[in-house]
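Remarks on the structure that follows.
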Amino acid sequence: MEKFINFPVLFLAAAVSLLIGFIWYHPKVFGTVWMRETGMTMDDGKKPNMALIFSLVYIYSVFIAFIMCFITVHQMGALGMIGGPEFIDKAEPSYGQFISDYGTAFRTFKHGALHGFMTGLLFVLPIVAINSLFEKRSWKYILVTGFYWVIVCMLMGGIVCGWSPDGFHLT
C-alpha cells in the first residue's frame with residue numbers, strides 16, 4: 001500500500017481544504033454570501049476556539065485525502081483484488097505483471113483532478129444539498145458550500161494521484 005499511498009503527500013493534500021477555505025470563504029470571495037446565508041457575523045467567527053476547529057478540519061481532511069487515494073489511483077483496485085497489501089507475497093504472478101505494466105498508468109494530477117471533480121460534483125455536492133434542504137438552507141448556501149467541496153476534492157484528487165512513486169506528474 002505504501003507504493004500507492006504516499007503519506008506525506010496525503011498530509012499535504014489534506015491542507016488543501018484549509019488553504020481553499022481561507023480563499024473561498026474570504027469576504028471578498030464567497031465569505032459575505034456564506035455569512036449572510038448562515039446568519040453569522042464576523043464577531044461570531046471570533047468566539048469559538050478556532051485552533052480546535054482548524055485542527056479538526058485538518059484531521060477530517062486527512063480522512064478525505066486518504067479515501068481520494070482509493071478513488072483516484074486505479075492500481076488500488078488491483079491491490080484490492082488480491083485482498084490487500086498483506087497478500088502481495090501470496091499473489092499470483094499476474095498481479096506482479098499487471099503492476100509492472102500499469103503501475104504508473106493514469107497517475108497524473110489531471111487524471112486525479114478529473115476523478116476528484118466527479119466525486120465532488122456527483123457525491124459530495126448531493127450530500128451537502130440533501131442535508132441543507134432538510135436544514136432549510138438557501139440555494140446560495142448549497143452552491144457556495146457544495147462547490148467549495150467540489151474544488152477541494154478536485155485538488156486533493158489531483159495531488160494524491162499525481163504524486164506517483166516515481167515523482168509528480170501534472171499531465
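Could you tell me how many of the residues in region 61-102 are without any contact (Cβ under 8 Å) to a residue 12 or more places away in the chain and out of contact with any helix residue (DSSP H, G or I) (no Cβ under 7 Å at 6 or more places or on another chain)?
Here is the first cut: in region 61-102, the residues without any contact (Cβ under 8 Å) to a residue 12 or more places away in the chain are 63, 67, 70, 77, 80, 83, 86-94, 96-97, 100-101.
The next check asks that each one be out of contact with any helix residue (DSSP H, G or I) (no Cβ under 7 Å at 6 or more places or on another chain); those that pass are 63, 67, 77, 80, 83, 86-94, 96-97, 100-101.
Count: 18.
Just to be sure, is GLY80 at negative phi, modelled with pLDDT of 95 or more and part of a helix (DSSP H, G or I)? Outline the logic, then answer.
On the way: at negative phi: yes; modelled with pLDDT of 95 or more: no; part of a helix (DSSP H, G or I): yes.
When the stated conditions are applied, GLY80 does not pass them.
Could you grab me the full set of residues in region 125-140 that are open to solvent by less than 90 Å² (accessible area, probe 1.4 Å) and outside any helix (DSSP H, G or I)?
Result: ARG137, SER138.
The values are calculated or read from the model by the stated rules, or taken from the named source; none is laboratory data. All figures in this text were calculated on a predicted structure; none of them were measured in a lab. Neighbour counts run over all protein chains shown; Cβ positions are idealised from the backbone, glycine included. When the accessible area is computed, the model is the full protein with side chains, heavy atoms only, and any ligands, DNA or RNA have been set aside. Shrake-Rupley method; radii C 1.70, N 1.55, O 1.52, S 1.80 Å.
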